[in-house]
Amino acid sequence: MAVLAEGLLDAIGFERLKHIMDAAPGRYGEMEQDPHGHLRLGQIEFGRMLRDHLARRLNELKLKVAFIDKDLGYELRSADPIPSTRNTPAISATAP
């Protein structure tokens, strides 16, 4: 299992990311920018992009590996606070 942050898209670079996105229109979402010119990383299907790339590379090496991409953002942000975070001042103001 690997857990990767969508911020790694910045390491790919805008031009290379645009090339990847243009090569498969719509497959990996849309490249949108906020009013400040920053990419809206949540609009890009990073897990799918990485899964496709790894599958191609491993296929070239004749290795059979199964991948599942899963976006954990919603589940992690929607979880109830655990007891130790309920007493944290920054969180306790919003915790139920």
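The values are calculated or read from the model by the stated rules, or taken from the named source; none is laboratory data. Remember, predicted model here, so these are calculated numbers, not experimental data. Here the Cβ positions follow ideal geometry from the backbone for every residue, glycine too, while neighbour counts run over all protein chains shown.
Numerical summary
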quantity: Scope region 21-37; condition surrounded by 10 or more Cβ atoms within 10 Å (Cβ to Cβ) and either assigned to a loop (DSSP other than H, G, I, E, B) or under 15 Å from the mean Cα position of the chain (by Cα) (or both); matching residues; calculated: Met21, Ala24, Arg27, Tyr28, Gly29, Glu30, Met31, Glu32
quantity: Of the criteria (1) modelled with pLDDT of 85 or more; (2) among the small types (Gly, Ala, Ser); (3) outside any helix (DSSP H, G or I), which one Gly47 fails; calculated: (3)
quantity: Scan of region 8-45 for residues that are touching a Leu at 6+ places or on another chain (Cβ under 8 Å) and under 21 Å from Ile68 (Cβ atoms), ordered by number; calculated: Leu9, Leu41, Ile44
quantity: Residue within region 55-65 that is within 18 Å of the chain's Cα centre (by Cα) and either at pLDDT 85 or above or among the polar types (S, T, N, Q) (or both) present; calculated: yes
quantity: Flag if Gly42 is surrounded by 13 or more Cβ atoms within 10 Å (Cβ to Cβ), under 17 Å from the mean Cα position of the chain (by Cα) and either modelled with pLDDT of 70 or more or assigned to a loop (DSSP other than H, G, I, E, B) (or both); calculated: no
